[in-house]
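*Asks:* What follows is a single structure, and I will ask about it in a moment.
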Amino acid sequence: MTCSSSNCPVLSSEYRLQNKNLEEFTNLSPDASSITDKDAAPITSLNDVSLSTTATGGTSAGTNVNFDFTLASTSDRWGIFKIIVYAAKDADAINGWTAAVVLESGTKIPDQSNDIGAEVACGAESTGTGYFEFYCPSNTAANKVFIRGTSATDDLAEVVIAGLAWGVFPCDAGYRSIDGTHALTADVDGCEVCADGTNNGVRGQMLCVECTTVDKQQFYTTTLQHKMMDECQVCPEKEVVNSALNGCEPCAAGNQYDAATNLAQPSAPRPHQRR
């Protein structure tokens, strides 16, 4: 059953919290080894899987606030998919919060997008009411998460960190690996971006799919954006895919455009002219 905007039920933040869409990921917050505020005081209300208790936001504190999550030490790094922040009530503002992650130490693995010690922002500043989702860049590894609020932010009720241990964290769409997950060490092949002319619109894949040619249409990929989608890019009419499979070009000299297949075909020899 579907609903329109006029008859869809209004779901509370509590309901959204209990039915959060983590997809294939796990909430890492409850197992965090520590959560502290900007004064290094421990915080216990942001990972109790409840909206009944809150941590003081910037408005109540009268200043900017931040909360630092140190993730469990059972993995030296965690793959972070997204971070969700919740207000206590569905109607409460959730504006002004930001989320960032960092892998503070260790060795960078080739299929990890972020450098050691470099803080990575996950999306833009939060807006709206009830809850907000921050999506982290592809292939982001971390062992610490930062939630920061301005002096205008309301109290915060819960933080959900959706991710997995790095060795089972799936390659993002547009990538592939031997088992569909990230490598644990630098000497093992990890997630690689799909080759030009192929794509993969699903996470956790071992193969990328070649762009197909159908009647009067040729397809290719060159940008990561299109390699992450289910469909390849389409060549303009009367152009064909180049040999690198990463763009289109007019028919080469000695060929002519075949409208029936959208392919370049050898030109028919011209008849000899009488002198």
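*Asks:* Whose amide H sits under 5 Å from the amide H of Phe134, counting only residues 5 or more places off or on another chain, with H placed in the peptide plane?
*Replies:* Ile83, Ile84, Val85
*Asks:* Among (1) 255; (2) 198; (3) 142, which one is volume of the Cα convex hull per residue in Å³ computed from these coordinates?
*Replies:* Computed from these coordinates, volume of the Cα convex hull per residue in Å³ corresponds to label (2).
*Asks:* Which ³J(HN,Hα) values in Hz, rounded to whole numbers, follow from the phi angles of segment 230-236 under the Karplus curve 6.51 cos²θ - 1.76 cosθ + 1.60, where θ = phi - 60° and Gly and Pro get x?
*Replies:* 7, 10, 7, 6, 10, 5, x
*Asks:* How much accessible area per residue does segment 156-226 have, counting only protein heavy atoms and a probe of 1.4 Å, in square angstrom? Intermediate results must be reported in sequence, preceding the final value.
*Replies:* On the way: 3310 Å² over 71 residues.
Per residue, segment 156-226 has an accessible area of 47 Å².
*Asks:* Given the DSSP H assignment, sum -39500 (n - 2.57) over each helix run of at least 4 residues in the chain and divide by its residue total; what's the result at 222 nm in deg cm²/dmol, nearest 500?
*Replies:* -1000 deg cm²/dmol
*Asks:* How much of Thr36 can a 1.4 Å solvent probe reach, expressed as accessible area in Å² and rounded to 10?
*Replies:* 40 Å²
*Asks:* For Ala121 paired with Ala40, estimate the spin-label separation in nm (one decimal), with each label point 7 Å from Cα along the Cα-to-Cβ line.
*Replies:* In this crude spin-label approximation the distance works out to 2.9 nm.
*Asks:* Report relative contact order for the chain in percent, whole number only (criteria: Cα-Cα under 8 Å, sequence separation at least 6).
*Replies:* Details: 687 pairs, mean separation 44.4, N = 275.
RCO, the chain: 16 percent.
*Asks:* Full-extension gain between Ala61 and Asp230, please, as 0.36 nm times their residue separation minus the C-alpha to C-alpha distance. Spell out each step's value before the answer.
*Replies:* Details: separation 169, 0.36 × 169 = 60.84 nm, distance 4.67 nm.
56.2 nm is the gain from fully extending Ala61 to Asp230.
*Asks:* Moving on to the next point. Heavy atoms only, probe 1.4 angstrom, no DNA, RNA or ligands counted: give me Leu71, Leu184 ranked by accessible area, highest first.
*Replies:* Descending order: Leu184, Leu71.
*Asks:* For the residue pair Val209 and Ser113, what label-to-label distance in nm results when each label sits 7 Å from Cα along the Cα-to-beta-carbon direction?
*Replies:* Placing both labels 7 Å along Cα→Cβ, they lie 2.2 nm apart.
*Asks:* A further question follows. What length, rounded to one decimal in nm, is gained on full extension from Ser105 through to Thr150, with 0.36 nm per residue of separation minus their alpha-carbon distance?
*Replies:* Extending this stretch completely gives an extra 13.4 nm.
*Asks:* From the residues Gly96, Gly167, Ile178, which one has its Cα farthest along the dipole of segment 91-184 in the positive direction, the dipole being from +1 and -1 charges on Cβ of Lys/Arg and Asp/Glu about the Cα centre?
*Replies:* Of Gly96, Gly167, Ile178, it is Ile178.
*Asks:* With charges set only on the Cβ (+1 for Lys and Arg, -1 for Asp and Glu), what does the dipole of the chain come to about its Cα centre, in debye to the nearest 20?
*Replies:* On the way: 17 positive and 34 negative charges, 213 e Å.
With Lys and Arg at +1 and Asp and Glu at -1, about 1020 debye.
*Asks:* Considering only protein heavy atoms, with the full assembly of protein chains and a 1.4 angstrom probe, order Met228, Met206 by accessible area, largest first.
*Replies:* In descending accessible area the options line up as Met206, Met228.
The values are calculated or read from the model by the stated rules, or taken from the named source; none is laboratory data. Computed from a predicted structure; not experimentally measured. Reconstructed Cβ throughout: ideal geometry from the backbone, glycine too, with neighbour counts over all protein chains shown. Just the protein is used for accessible areas: all its heavy atoms, side chains included, with ligands, DNA and RNA removed. Shrake-Rupley method; radii C 1.70, N 1.55, O 1.52, S 1.80 Å.
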